[in-house]
Each structure stands twice: as C-alpha cells, then as structure tokens.
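For reference, the structure is listed below as structure tokens.
What follows is calculated from the coordinates using simple rules that are stated; it is not laboratory data. None of these values were measured; they are calculated from a predicted model. FYI the Cβ positions are ideal-geometry reconstructions off the backbone, even for glycines, and counts take in every protein chain you see.
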Amino acid sequence: MAKIYPYKTINCLTDQLEPEWLTGDKEAECMETITMIVSSSPYGDERIWNALRLAEALSCSSAKMKINIFLIGDAVNAAKKGQKPAKGFYNIEKMLADLVKVGANINVCHTSMNLRGLTELDLVVGIKMGTITGLSKWIEESQKVLSF
C-alpha cells in the first residue's frame with residue numbers, strides 16, 4: 001500500500017486554508033513529493049525568492065504535492081524571524097511562514113545554524129532543525145529534487 005501524507009492547501013481563488021486531505025478507508029493515489037535544497041543567502045540574489053515562489057505555486061496547484069524545503073549554508077539565515085527587508089522588497093520570512101501554513105515541511109541544517117550562531121529559538125514558527133541524514137531520507141522519498 002502506498003504511503004499517504006496529510007497535506008494542507010490554500011485555495012488560490014479564495015486564499016483560504018482548506019482542510020487536510022484525508023484518505024479515509026478508500027485507497028488513494030500517492031502524492032508526489034518534491035524536495036527543494038536551498039543554499040543561497042536570503043537577500044544576496046534572487047535564487048531563494050524564486051525557489052519559494054515555485055513552492056508557493058506548487059502548493060496552490062491541484063496536484064496535491066508534498067513539498068519539502070531544506071535550507072543549508074547561508075540559506076539558514078532565511079529562516080530567522082524578525083527580518084526587516086527594505087520597503088517594497090520581498091519578505092523571505094513571510095514567504096516561509098505562509099508555506100508552513102499550507103503544510104510545507106521546512107527544515108534548516110543544524111550544522112549550518114551552529115556555524116552562524118543561530119538556535120532553534122531564532123527560527124520562524126513551524127520551521128524545524130534538520131540534519132543531512134533527514135535530508136537524505138527526503139531525497140529517497142521524493143520523485144523530484146531541485147537545488148537552488
């Protein structure tokens with residue numbers, strides 16, 4: 001039997017959070033899983049912004065994809081709460097928080113956090129510390145892996 005993962009989506013027409021997708025007793029199709037590995041700094045270039053825009057688009061699609069995002073290297077700074085980007089500039093913290101709300105799994109590399117003096121208390125609510133071992137498990141279960 002295929003693994004079925006609960007997944008929350010935002011209705012792109014109403015911007016309302018829809019209830020979890022439940023399989024009940026019926027056999028259901030397995031959701032496709034995509035893992036995104038992001039290593040660029042949050043405001044140094046637009047790679048992380050584009051990765052999160054893609055994740056948002058996929059979360060609004062009818063494909064019911066399970067989305068994993070792993071922040072490593074300088075990208076761990078993107079998960080720091082309390083960001084104050086310049087007026088009119090995109091806000092990575094808000095984008096990550098919105099993705100958490102729709103059920104995306106977002107982990108930050110524990111080693112990269114330690115190297116930058118960041119702790120779990122510094123993270124946006126809903127983002128978790130992760131490990132390379134955890135990332136390798138995500139990659140094994142994913143049908144697609146993207147690196148930014």
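Quickly run through the stretch 106-148 and pick out the residues that are among the polar types (S, T, N, Q), in a loop (DSSP other than H, G, I, E, B) and either over 22 Å from Ala55 (Cα atoms) or under 13 Å from the mean Cα position of the chain (by Cα) (or both).
Correct list: Thr119 only.
With Asn68, Asn77 as the choices, which residue is surrounded by 15 or more Cβ atoms within 10 Å (Cβ to Cβ), in contact (Cβ under 8 Å) with a residue 24 or more places away in the chain and out of contact with any helix residue (DSSP H, G or I) (no Cβ under 8 Å at 6 or more places or on another chain)?
Among Asn68, Asn77, only Asn77 is surrounded by 15 or more Cβ atoms within 10 Å (Cβ to Cβ), in contact (Cβ under 8 Å) with a residue 24 or more places away in the chain and out of contact with any helix residue (DSSP H, G or I) (no Cβ under 8 Å at 6 or more places or on another chain).
What are the residue pairs meeting all of these: first residue in the stretch 111-124, first residue under 15 Å from Ser39 (Cβ atoms), second residue of a type in the set (S, T, N, Q) and in a loop (DSSP other than H, G, I, E, B), Cβ atoms under 9 Å, and 6 or more apart or on different chains?
If the second residue must be of a type in the set (S, T, N, Q) and in a loop (DSSP other than H, G, I, E, B), the pairs left are Thr111/Thr131; Ser112/Ser39; Met113/Thr119.
Looking only at residues that are free of Cβ contacts under 8 Å to residues at least 12 places away in the same chain and more than 23 Å from Gln83 (Cβ to Cβ) in the stretch 32-65, which one is nearest to the chain's Cα centre (by Cα)?
Looking at residues that are free of Cβ contacts under 8 Å to residues at least 12 places away in the same chain and more than 23 Å from Gln83 (Cβ to Cβ), I get Ser61.
Would you point out which residue out of Val102, Val125 is of a type outside the set (S, T, N, Q) and surrounded by 13 or more Cβ atoms within 10 Å (Cβ to Cβ)?
Values: Val125 fails: surrounded by 13 or more Cβ atoms within 10 Å (Cβ to Cβ).
On inspection, the qualifying residue turns out to be Val102.
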